[in-house]
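The values are calculated or read from the model by the stated rules, or taken from the named source; none is laboratory data. Note that the coordinates shown come from a computational prediction; the quantities given were computed from them, not determined experimentally. Methodologically, a virtual Cβ is constructed for each residue, glycine included, from the backbone with ideal geometry; neighbour enumeration extends over all protein chains shown. Calculation scope for accessible area: heavy atoms of the full protein, side chains included, ligands and nucleic acids excluded. Shrake-Rupley method; radii C 1.70, N 1.55, O 1.52, S 1.80 Å.
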Amino acid sequence: MDGNEVEFIISSFEHHAPLKYAEGVKAGFPSPAEAYEMDCIDFNRDMITHPDTTFYARVKGDSMIDAGICDGDLLVIDRSVEPTNGDVVVAFYDGRFTVKFYDNSHYDEGYIELKPANKAFPVFKITERDECQIWGVVVYTIKKWHGGNG
């Protein structure tokens with residue numbers, strides 16, 4: 001097992017969450033005197049370029065943990081994006097979906113690599129004889145930072 005699989009999620013963001021903002025987000029405490037504007041977060045507008053080819057999946061495992069992609073994180077995957085060297089991709093390999101770094105620097109030698117971001121897991125060397133499909137490119141990762149409900 002490679003340490004990371006993905007579970008696809010059927011989802012539609014139909015509700016808009018209110019968003020307060022000033023001149024960007026600051027990494028300190030905002031001043032209560034600052035004037036805030038109101039807007040809404042619209043995931044379809046803000047995160048989705050190609051709605052017909054975008055999917056969501058939940059990460060299962062920790063082979064990408066050193067890249068900050070952890071068990072339980074949500075992936076926004078765009079199937080219309082052509083992968084380039086270094087992209088995080090979802091691939092269908094060895095009968096399951098997996099998330100890895102895409103490395104095509106050995107293409108002229110007859111293979112590509114799917115690389116984990118955890119040294120405890122193997123690099124997959126993919127040749128034309130292997131059944132592997134690069135299913136999509138991860139364009140966003142959504143992470144939950146707090147475990148509580150409120």
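Answer with yes or no whether residue 115 is open to solvent by 40 Å² or more (accessible area, probe 1.4 Å), under 30 Å from residue 43 (Cα atoms) and either out of contact with any His (no Cβ under 9 Å at 6 or more places or on another chain) or in contact (Cβ under 8 Å) with a residue 40 or more places away in the chain (or both).
yes
From the set of residues in the range 123-150 that are part of a loop (DSSP other than H, G, I, E, B) and closer than 16 Å to residue 88 by Cα, which is modelled with the highest pLDDT?
Across the range 123-150, the extreme among qualifying residues is 123.
Listed here are the residues, each with its yes/no results for (1) crowded, with 17+ Cβ neighbours inside 10 Å; (2) closer than 22 Å to residue 7 by Cα.
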| position | (1), (2) |
| --- | --- |
| 102 | yes, yes |
| 107 | no, no |
| 125 | no, no |
| 130 | no, no |
| 146 | no, yes |
